[in-house]
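A.B. asks: Okay, here's the structure, questions in a sec.
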Amino acid sequence: MRISVKFGAAEKESVEVIVISLFENVRKIPSELDPLNKALGGVISNLLQNKDFTGKLNETIMIPTYKKSVPKRILLVGLGKATELSSDKIRQAAGTATRIIQEKKFKNPLMLLHKTEYKGISIEDVTRTVVEGVILSLYNFTMYKTLKKEDKTAINNFTLIVQKKDVLAKIKSAVKNTQIVAEAVCFTRDIVNMSGSDATPTFLANKAKEIAKKTGVKCRTLSRPDMKKLGMGGILNVSRGSSQPPKFIILEYNTKKRNNDTIVIIGKGVTFDSGGISLKPGKDMDLMKADMAGAAAVLGTFKAISNLKPSTHLVGLVPCTENMPGGSALKPGDIIKYMSGKTVEILNTDAEGRLILADAISYAKRYKPDAVIDIATLTGACVAALGTFTSGMLGNNDELKDRVKQAGEKCHERVWELPLWDEYYELIKSSIADIKNTGGQYAGTITAACFLGEFVENFPWAHLDIAGTFLVEKDTPYIRKGATGVGVRLLTQLILDWKKLPDARKKRKK
Ligand code: BES
Ligand code: MN
Ligand code: ZN
């Protein structure tokens, strides 16, 4: 689908449909819409006066005009109260309208951006969220469906029409950049939605190579012998029960220059989490095909960043393995050893994510990182604590955590901090090894983060637990049931907004 931008008078466009957004309880039609309203014989103002359309968020009405030389249908969509506008509401309204256009199989819709600023949100930001709403809402996972020919009709060209010429260039560049990010989100959703038997560690490694080839990013993957040489005790042991070979993916965008920071992003790539010998119950086990959503978010972020080309040095580390209960599988009671010499008592083989992330966090050290961010579907406890709209965040550096929080708010992939105080670290001490891989009944998200914290050295680090946000159970205005692609927009935003981290703030704080 092409998204184009055009300057012009909406009333002169004889298209199949034009989308117009309106605030709630507006009695009088905005003056910018007067010409269109007049051309249609006052139909919009009549609707508003008679309250047939009230403008509640995501409310829609399709008005046929059937006149020549004007749009053939008007699709009104509500933005909610003007005083309560947020960019996510714009994203939702754009998504809602787009879904209707898709259902009706219109091929060349138009969307009118009739203002140059929406309640303090600049026209560029409005454009960004609209484009996200359009592309993300159209995403549908059809890889395993036998589609009939008529199901395949799609929107050809989505045109944004603006009424001021001087904003055109800005809007065009916003469209281009947003399209890159939104398409990266869809790429991530696709691989998260795939079956565990298809999206294997080898598959992810090949995807990473594909991205690298297209964009000039460096990519290497480590196999078992390389991992053995390095002493990657986590991934080697977690993969023992599986017949799929583990892979450790290393991506590198931009090499370190004297004056740019190095950011390492790490994604949990458990391509199927059965729990291992500590087998999970059958109910909802299918969802554990998506236990590589962190890995997929890192790959998607690389796709976006390598096209947007910011100046930061970005490294991606993605440990990939299945967690299966084979005959050689890791057992509860086993003690494993890491490259740093640290030993871990395994109490539950289902706490496998932290085991493989630990290898990646240790590996990150060689890049002398200015910041390390890991993203993982790590704990059910995070879903219990924060639900499904918010990711958990823990870390050792206030400045980094602030930046992650702000990036999350900006793109509406919001995070909320949980504490990582010293007392919690006590909960993972082991009587027979250095630490253990579970921390008891309480504060499961925090003790999992403490486990990771044990492998963090003197660099700023933030951990994102996306166990609640990697999927939605039912359709929302711009996310269909299934993978959300969470993390791609957040990490991309963080990296695009990155400014050199002041040295004084790099101190480690538990
Ligand atoms: N991948 C799961 C966590 C998870 C659960 C993600 C539900 C998304 C939805 C993780 O590997 C796991 O099994 N965690 C255990 C840890 C426990 C054994 C300490 C959990 O949360 O139950
Ligand atoms: Mn698990
Ligand atoms: Zn897992």
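Where a number appears in this text, it was derived from the coordinates with a stated rule and is not lab data. This structure is a prediction, so every number in the text was calculated from the model and none was measured. Neighbour counts run over all protein chains shown; Cβ positions are idealised from the backbone, glycine included.
A.B. asks: Quick check: the distance between the Cα centres of the stretch 4-67 and the stretch 133-208, to the nearest angstrom?
C.D. replies: Each part's Cα centre sits 28 Å from the other's.
A.B. asks: I've got another one for you. What area, in nm² and to one decimal, does the C-alpha convex hull of the stretch 329-445 cast on average over all directions? Write out the running numbers ahead of the final one.
C.D. replies: Details: hull surface 33.3 nm².
Averaged projected area of the stretch 329-445's Cα convex hull equals 8.3 nm².
A.B. asks: Something else: Per residue of the chain, what 222 nm ellipticity follows from adding -39500 (n - 2.57) for every DSSP H run with n ≥ 4, rounded to the nearest 500? Please list the in-between numbers first.
C.D. replies: Numbers: 15 runs with 173 residues, N = 510.
Result for the chain, helices only: -10500 deg cm²/dmol.
A.B. asks: What list of ³J(HN,Hα) values in whole Hz, one per residue of the stretch 354-368 in order, does the Karplus curve 6.51 cos²θ - 1.76 cosθ + 1.60 (θ = phi - 60°) give from phi, with Gly and Pro shown as x?
C.D. replies: 4, 5, 7, 5, 4, 4, 5, 5, 5, 5, 4, 3, 5, 8, 6
A.B. asks: Along each principal axis of its Cα atoms, how long is the stretch 332-401 end to end? Whole angstroms, biggest number first, please.
C.D. replies: Largest first, the stretch 332-401 extends 36, 33, 15 Å along its Cα principal axes.
A.B. asks: Listing Thr83, Thr447 from the residue with the fewest other Cβ atoms within 10 Å to the one with the most, what is the order? It would help to have the intermediate numbers written out before the result.
C.D. replies: Details: Thr83 8, Thr447 25.
Fewest to most other Cβ atoms nearby, the residues stand as Thr83, Thr447.
A.B. asks: Which one of Ser21, Gly95, Leu75 is farthest out on the positive end of the charge dipole of the stretch 8-142, using unit charges on Cβ (Lys, Arg +1; Asp, Glu -1) and the Cα centre as origin?
C.D. replies: Of the candidates, Leu75 comes out farthest on the positive side.
A.B. asks: Against the longest principal axis of the chain, how steep is helix 293-308, in degrees 0 to 90 to the nearest 10, with axes from Cα atoms?
C.D. replies: In the chain, helix 293-308 runs at an angle near 60 degrees to the longest axis.
A.B. asks: Right, here's the next one. Taking just the alpha carbons, could you work out the radius of gyration and Dmax for the stretch 68-206, both in angstroms?
C.D. replies: For the stretch 68-206, the Cα-based Rg and Dmax read 17.3, 56 Å.
A.B. asks: Over the stretch 286-378, calculate the relative contact order: mean separation of alpha carbon pairs under 8 Å at least 6 apart, over the residue count, as a percent. All intermediate terms of the calculation are to be shown ahead of the outcome.
C.D. replies: Values: 64 pairs, mean separation 32.1, N = 93.
Worked out over the stretch 286-378, it gives 35 percent.
A.B. asks: Give a residue-ordered list of calculated ³J(HN,Hα) values for the stretch 95-102 (Karplus: 6.51 cos²θ - 1.76 cosθ + 1.60, θ = phi - 60°; whole Hz; x for Gly, Pro).
C.D. replies: Taking θ as phi minus 60°, the curve returns x, 4, 5, 4, 4, 5, 4, 5 Hz for the stretch 95-102.
A.B. asks: Moving on. May I ask which residue of Leu168, Gly241, Met111 lies farthest towards the positive end of the charge dipole of the chain, with charges of +1 (Lys, Arg) and -1 (Asp, Glu) on Cβ and the Cα centre as origin?
C.D. replies: Checked the options; the winner is Leu168.
A.B. asks: Sticking with this structure for a sec: Taking neighbour Cβ counts within 10 Å as the exposure measure, how do Thr54, Thr153, Thr262 sort from fewest upward? Don't jump to the answer; show the numbers that get you there.
C.D. replies: Numbers: Thr54 14, Thr153 11, Thr262 21.
Ordered by Cβ neighbours within 10 Å, fewest first: Thr153, Thr54, Thr262.
A.B. asks: Taking amide H positions as placed 1.01 Å from N in the peptide plane, with prolines and chain starts having none, which residues 5 or more places from Glu413, or on another chain, fall under 5 Å of its amide H?
C.D. replies: Long-range HN contacts for Glu413: none found.
A.B. asks: Under 19 Å Cα-Cα from Lys172, which lysines qualify once same-chain neighbours fewer than 8 residues away are excluded?
C.D. replies: Within the straight-line cut-off, Lys172 pairs with Lys6, Lys115, Lys164, Lys309.
A.B. asks: With an 8 Å Cα cut-off and a minimum separation of 6 or more residues, compute the relative contact order for the chain in percent. Write down the numbers at each step before the final one.
C.D. replies: On the way: 1159 pairs, mean separation 72.9, N = 510.
14 percent.
A.B. asks: Then there's this: 5 Å is the cut-off here: which amide hydrogens, built 1.01 Å from N in the peptide plane, fall below it relative to Met111, excluding neighbours closer than 5 in sequence?
C.D. replies: Hits under the 5 Å cutoff: Val19, Thr159, Leu160, Ile161.
A.B. asks: Report, by chain and number, residues whose modeled amide H sits under 5 Å from the one on Ser274, excluding near sequence neighbours (fewer than 5 apart, same chain).
C.D. replies: Distant-sequence amide H within range of Ser274: Asn323.
A.B. asks: Using Cβ counts within 10 Å as a stand-in for footprinting exposure, how do Leu308, Leu110 rank, fewest first?
C.D. replies: Numbers: Leu308 15, Leu110 24.
Exposure proxy ranking, most exposed first: Leu308, Leu110.
A.B. asks: What pairs in Lys228/Lys268; Lys213/Lys257; Lys145/Lys289; Lys72/Lys410; Lys280/Lys436 have C-alpha atoms more than 24 Å from each other? Provide the component values of the computation, followed by the final result.
C.D. replies: On the way: Lys228/Lys268 19 Å; Lys213/Lys257 22 Å; Lys145/Lys289 18 Å; Lys72/Lys410 36 Å; Lys280/Lys436 20 Å.
In this structure, Lys72/Lys410 lie more than 24 Å apart at Cα.
A.B. asks: Give me the three principal axis extents of the stretch 8-71 from the C-alpha atoms, as integers in angstrom, largest value leading.
C.D. replies: That works out to 29, 21, 20 Å along the principal axes.
A.B. asks: Another question, if that's okay. Let's test this: bin the Cα-Cα distances of the chain at 10 Å from zero up to the farthest pair and state each bin's percent.
C.D. replies: With a bin width of 10 Å, the distribution comes to 4, 19, 27, 22, 14, 9, 3, 1, 0.
A.B. asks: Using Cα-Cα distances under 8 Å and only pairs 6 or more residues apart, what relative contact order does the stretch 242-309 have, in percent? Kindly include the intermediate steps, with their values, before the conclusion.
C.D. replies: On the way: 45 pairs, mean separation 23.1, N = 68.
34 percent.
A.B. asks: Using θ = phi - 60° and the Karplus form 6.51 cos²θ - 1.76 cosθ + 1.60, what ³J(HN,Hα) does each residue of the stretch 162-169 get, whole Hz, x for Gly and Pro?
C.D. replies: 10, 10, 10, 6, 5, 9, 4, 5
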